[in-house]
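Q: Sharing a structure here in structure tokens format.
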Amino acid sequence: MVVINKTDIDGETATKLLVKSTKAEYIKKFYFAIFLLVVGLPIMIYGLVQKESLYITFGATFIALSLVFTGYNLITIRRIPKAVKDKNENVCENGVKYDYKFKEHSVSFVATSGSKNSKYEYGYDSLAKIYEYPERYELKFKGNITLYVNKEGFQEKKMEEFFRHNVGTSKKQIKIRK
């Protein structure tokens, strides 16, 4: 069954959601810095204990790279709100309206921001995660694509159940968040 949802997100909310999603991607990059630190620290300690300059150099290099990545990520995370507003000026000012059609194996929608319309379609096979919040659903697709679906956009409660069934065909569990 085809389920229709109309989601309207104002500019301020759109900005907050975009900043939150972008920050989440950069926070994942801290894992690489931690990995470099975890690798570099034992190498350096081994080199200090054994008085081997080669191991000390390798360990110090890994630790230095870890610190560089951490610093870069911190600076980038600080600049995210401004970068989001610059890259998505139309959405941040005017907000965005989504007209979703949830089918059995895919979702198609038209995104309208200001006077600009864009059509998209994504299959549920590329769906990575599904989150449920008290007021909306968040569908995360591969390739850093996130769709926000307001619960109030469903015409009836029964349509929301069909929506849950349709996205459930991807075998992904809906994770409830508060």
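The values are calculated or read from the model by the stated rules, or taken from the named source; none is laboratory data. It should be emphasised that the depicted structure is a prediction, and the values quoted were computed from it without experimental measurement. When we count neighbours, we look across all protein chains shown, and the Cβ atoms used for this are built from the backbone with ideal geometry, even at glycine.
Q: Would you check which residues across the range 101-117 are surrounded by fewer than 14 Cβ atoms within 10 Å (Cβ to Cβ) and modelled with pLDDT of 90 or more and list them? Give the steps one after another, and end with the answer.
A: In the first step, residues of the range 101-117 are kept if they are surrounded by fewer than 14 Cβ atoms within 10 Å (Cβ to Cβ); the result is 104-105, 110, 114-117.
Result: VAL110, single match.
Q: A further question on this structure: Is there a residue in the range 166-175 that is hydroxyl-bearing (Ser, Thr, Tyr), modelled with pLDDT under 90 and part of a helix (DSSP H, G or I)? Steps first, answer last, please.
A: If we filter the range 166-175 for residues that are hydroxyl-bearing (Ser, Thr, Tyr), which is where we start, we get 169-170.
Among the residues that remain, those that are also modelled with pLDDT under 90 are: 169-170.
When the remaining residues are screened for being part of a helix (DSSP H, G or I), the result is none.
No, the range 166-175 contains no residue that is hydroxyl-bearing (Ser, Thr, Tyr), modelled with pLDDT under 90 and part of a helix (DSSP H, G or I).
Q: Which ones in the range 130-171 are closer than 23 Å to LEU18 by Cβ and charged (D, E, K, R)?
A: Matches in the range 130-171: GLU132, GLU135, ARG136, GLU138, LYS140, LYS142, LYS151, GLU152.
Q: Just to check your reading of the model, which residue among LEU127, LEU74 is within 21 Å of LYS20 (Cβ to Cβ), among the aliphatic types (A, V, I, L, M) and loosely packed, with under 14 Cβ neighbours inside 10 Å? So that I can check it myself, show each step before the final result.
A: Values: LEU127 fails: loosely packed, with under 14 Cβ neighbours inside 10 Å.
On inspection, the qualifying residue turns out to be LEU74.
Q: Moving to a separate point now. Of the residues VAL68, VAL39, VAL96, only one is surrounded by 13 or more Cβ atoms within 10 Å (Cβ to Cβ), among the β-branched types (Val, Ile, Thr) and within 25 Å of the chain's Cα centre (by Cα); which? Give the steps one after another, and end with the answer.
A: On the way: VAL68 fails: surrounded by 13 or more Cβ atoms within 10 Å (Cβ to Cβ); VAL39 fails: within 25 Å of the chain's Cα centre (by Cα).
So the residue among VAL68, VAL39, VAL96 that is surrounded by 13 or more Cβ atoms within 10 Å (Cβ to Cβ), among the β-branched types (Val, Ile, Thr) and within 25 Å of the chain's Cα centre (by Cα) is VAL96.
Q: Determine, yes or no, whether LYS151 is loosely packed, with under 12 Cβ neighbours inside 10 Å and modelled with pLDDT of 90 or more.
A: On the way: loosely packed, with under 12 Cβ neighbours inside 10 Å: no; modelled with pLDDT of 90 or more: yes.
Taking the combined requirement at face value, the residue does not satisfy it.
Q: Within the range 1-22, take every residue that is of a type in the set (Gly, Ala, Ser) and under 24 Å from ARG164 (Cα atoms) and give me the one that is surrounded by the fewest Cβ atoms within 10 Å (Cβ to Cβ).
A: Start the filter on the range 1-22 by keeping residues that are of a type in the set (Gly, Ala, Ser), which leaves 11, 14, 21.
Pick out the ones that are also under 24 Å from ARG164 (Cα atoms) and you get 14, 21.
Numbers: ALA14: 21, SER21: 17.
That would be SER21.
Q: When the residues of the range 137-154 are filtered to those that are in contact (Cβ under 8 Å) with a residue 24 or more places away in the chain and of a type in the set (Val, Ile, Thr), which remaining residue is farthest from LYS6 (Cα to Cα)?
A: Step by step, filter the range 137-154, then rank; the result is THR146.
Q: Could you list, ordered by first residue, the pairs with Cβ atoms under 6 Å in which the first is in the range 32-48 and under 13 Å from THR70 (Cβ atoms) and in contact (Cβ under 8 Å) with a residue 24 or more places away in the chain and the second is aliphatic (A, V, I, L, M) and crowded, with 16+ Cβ neighbours inside 10 Å, at least 6 apart or interchain?
A: That search, which allows pairs on different chains as well, returns LEU36/LEU65; GLY40/ILE63.
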